[in-house]
Amino acid sequence: MARRRLPHFALEYLECGAEDELSVHANRAAFESIRLVPRTLRDVSARSIATRFEGGDASAPIAVGPTGFNGMLWRDADIALAKAAARSGVPFCLATLASASIERVAAATRDWPDTRRWLQLYMFKDRQCTLELLQRARDAGFTSIVLTTDATVYGNRNWEARNYRGFKQPNFRNLLNAATRWRWLANVYAPGLPRFENLDAFIGKRASALDAAEWIERQMDTTLNWRDVQWLRERWDGTLILKGILDADDAAQAVRCAVNSIVVTNHGGRQLDGAIPSIAALPAIADAVGARAEILLDSGVRRGMDVIKARRLGAQGVLLGRATLYGVAAAGERGAWRALEIMRAEIDNGLAQLGCASLDQLADIAIA
Ligand SMILES: Cc1cc2nc3c(=O)[nH]c(=O)nc-3n(C[C@H](O)[C@H](O)[C@H](O)COP(=O)(O)O)c2cc1C
């Protein structure tokens with residue numbers, strides 16, 4: 001449905017990766033190559049896929065991961081995703097470069113007092129901006145900060161050069177194509193193109209997309225290093241999650257910096273092309289970390305069985321990127337909710353067929 005509704009350039013923004021998309025494909029191939037050995041004759045009549053991660057309960061071992069500029073896919077897509085996550089009983093992570101602000105997401109999910117909202121953080125050179133974002137997150141009741149560590153240098157995404165004239169300004173061929181997507185035009189284009197609302201305070205509401213892009217590029221701190229993680233740890237007393245780990249030594253270093261969790265990820269194949277799939281990196285990282293921090297994973301998760309495999313290999317929970325973006329791009333909040341429901345139903349079905357009544361029983365399942 002998303003493919004039918006979106007113009008070509010927006011669909012590429014959702015789906016594509018860096019360069020030859022080796023890591024995008026490797027993510028799927030790595031999940032597909034894992035085989036589990038089901039157990040049999042075990043009573044699975046009373047099942048639950050509920051779990052705890054990041055210090056809270058979740059109806060399933062999944063969370064909606066951070067994705068920037070969602071407003072290009074659906075008007076107020078961040079709000080739609082946040083509400084769908086709240087209704088489904090799973091955490092939602094807002095991106096720094098989201099189209100909806102921290103405050104608007106908090107207000108839109110006020111009816112779910114137990115919902116967990118996380119903020120993904122890009123560390124800006126101007127640390128005052130970062131401190132302001134932290135304060136706003138705290139004031140709005142966000143419980144976790146997710147520091148992205150794998151994107152201080154932007155991935156080489158060739159389709160961007162092909163599709164745009166300037167920053168996110170489709171070229172003529174793409175404009176013609178967009179003219180045929182009338183539902184997208186009415187929903188996204190007509191009300192005015194999305195902004196990076198979290199940055200309004202720094203660059204002003206009237207800044208053009210190009211101004212915003214230049215500001216972001218100027219502010220991305222390529223000096224980011226472990227001392228900054230310590231700096232952040234001292235300034236955020238909620239849960240701190242590092243997103244961007246693929247190496248076991250880095251995972252061990254994260255534990256030494258007293259982070260609560262790490263996300264094993266290759267950014268969905270949108271950053272380094274040729275990076276190891278996160279599911280392949282997971283076992284060594286789980287060994288290195290042990291019980292000292294919680295492990296989350298993303299990149300390539302499309303089905304419930306992928307979540308089960310990640311959980312079996314040592315991840316406590318999984319972040320969904322494109323899986324829920326397809327949902328929101330197809331039908332807004334209803335679509336995002338439906339994507340989460342499909343995922344939940346598949347996790348339940350897979351678990352039952354493995355002979356497990358709960359996620360903890362996955363420990364009995366051998367990997368072929
Ligand atoms: C359209 C899109 C935008 C993204 N924007 C961000 C972002 O702003 N910050 C971030 O940390 N990760 C971002 N990511 C990466 C996701 O958080 C996540 O790591 C990735 O999507 C997982 O792979 P998957 O899409 O195969 O599930 C983005 C991913 C996509 C698809």
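Coordinate-derived values only; no laboratory data. These figures come from a predicted structure and were not determined experimentally. Cβ atoms come from the backbone with ideal geometry, glycine included; neighbour counts cover every protein chain shown.
Within a Cβ distance under 11 Å of Tyr326, other residues only, what is the Lys/Arg minus Asp/Glu net charge?
Values: positive: Arg3, Arg5, Arg302, Arg322, Arg338; negative: Glu15.
After counting each charged neighbour, the total is +4.
Name the most mobile residue of Phe31, Phe69, Phe167, meaning the one with the largest mean-square fluctuation, in a Gaussian network model of the chain with Cα contacts below 10 Å.
Largest GNM mean-square fluctuation: Phe167.
Just for the Cα atoms in segment 2-367, what are the lengths along the principal axes, largest first, rounded to whole Å?
Computed over the Cα atoms, the extents are 61, 47, 43 Å.
Of the DSSP beta bridges with both residues in segment 27-179, give the percent that are antiparallel, rounding to the nearest 5. Numbers along the way, then the final one.
On the way: 5 of 13 bridges.
Roughly 40 percent of the beta bridges in segment 27-179 run antiparallel, per DSSP.
Taking +1 at the Cβ of each Lys and Arg and -1 at the Cβ of each Asp and Glu, which of Ala201, Ala212, Asn174 sits farthest along the dipole of the chain towards its positive end, judged by Cα position relative to the Cα centre?
Of the candidates, Asn174 comes out farthest on the positive side.
Antiparallel versus total DSSP beta bridges in segment 2-367: what percent is that, nearest 5? Before the final figure, lay out each step's value.
Numbers: 8 of 34 bridges.
Taking every DSSP beta bridge with both residues in segment 2-367, the antiparallel ones total about 25 percent.
To test your reading of the geometry: what angle, between 0 and 90 degrees and rounded to tens, separates the Cα axis of helix 77-88 from the longest principal axis of the chain?
Tilt relative to the chain: about 20 degrees.
Please give the contour-minus-distance gain from Glu234 to Leu175: 0.36 nm per residue of separation, less the Cα-Cα distance, rounded to one decimal in nm.
Numbers: separation 59, 0.36 × 59 = 21.24 nm, distance 4.72 nm.
Taking 0.36 nm per residue and subtracting the Cα distance, the gain is 16.5 nm.
Angle, helix 226-235 long axis vs. longest principal axis of the chain, Cα atoms, 0 to 90°, nearest 10?
The angle comes out near 90 degrees.
Running a GNM on the chain with Cα contacts under 10 Å, which residue among Ala100, Ala310, Ala258 ends up with the highest mean-square fluctuation?
Highest fluctuation among the options: Ala258.
State to the nearest 20 debye the size of the charge dipole of segment 212-271 about its Cα centre, where the only charges are +1 on K and R beta carbons and -1 on D and E beta carbons.
With only Lys, Arg, Asp and Glu charged at Cβ, the dipole is about 120 debye.
Mean-square fluctuation check for the chain, GNM, Cα pairs under 10 Å: which of Leu176, Leu340, Leu325 is largest?
Taking springs between Cα atoms under 10 Å, the residue moving most is Leu176.
Tally Lys and Arg at +1 and Asp and Glu at -1 over the other residues with C-beta under 10 Å from the C-beta of Ala58: what net charge comes out?
Values: positive: Arg52, Arg116; negative: Glu54, Asp57.
That works out to 0.
May I ask for the distance between the Cα centers of segment 195-264 and segment 113-178, given as a whole number of Å?
With segment 195-264 and segment 113-178 each reduced to a Cα centre, they are spaced 10 Å.
Counting helices only, and only those DSSP H runs with n ≥ 4, report the 222 nm mean residue ellipticity of the chain as the sum of -39,500 (n - 2.57) divided by its residues, in deg cm²/dmol to the nearest 500.
Working: 15 runs with 156 residues, N = 368.
Estimated from H runs of four or more residues: -12500 deg cm²/dmol.
At 0.36 nm per residue, and after removing the present C-alpha to C-alpha distance, how many nm does the segment from Ala258 to Arg165 gain when stretched out fully? Intermediate values should be presented prior to the final figure.
Values: separation 93, 0.36 × 93 = 33.48 nm, distance 4.37 nm.
Taking 0.36 nm per residue and subtracting the Cα distance, the gain is 29.1 nm.
Round to a whole angstrom and tell me the spacing of the C-alpha centers of segment 57-81 and segment 17-35.
22 Å
Using 7 Å Cα-to-Cβ label points, what is the Leu41/Leu210 separation (nm, one decimal)?
7.3 nm
Once the Cα atoms of helix 127-139 and of the chain are each reduced to a long axis, what angle between those two axes, in degrees from 0 to 90 to the nearest 10, is obtained?
60 degrees
Dipole of segment 55-193 (Lys/Arg Cβ +1, Asp/Glu Cβ -1, origin at the Cα centre): which of Ile79, Cys93, Trp112 lies farthest to the positive side?
Ile79
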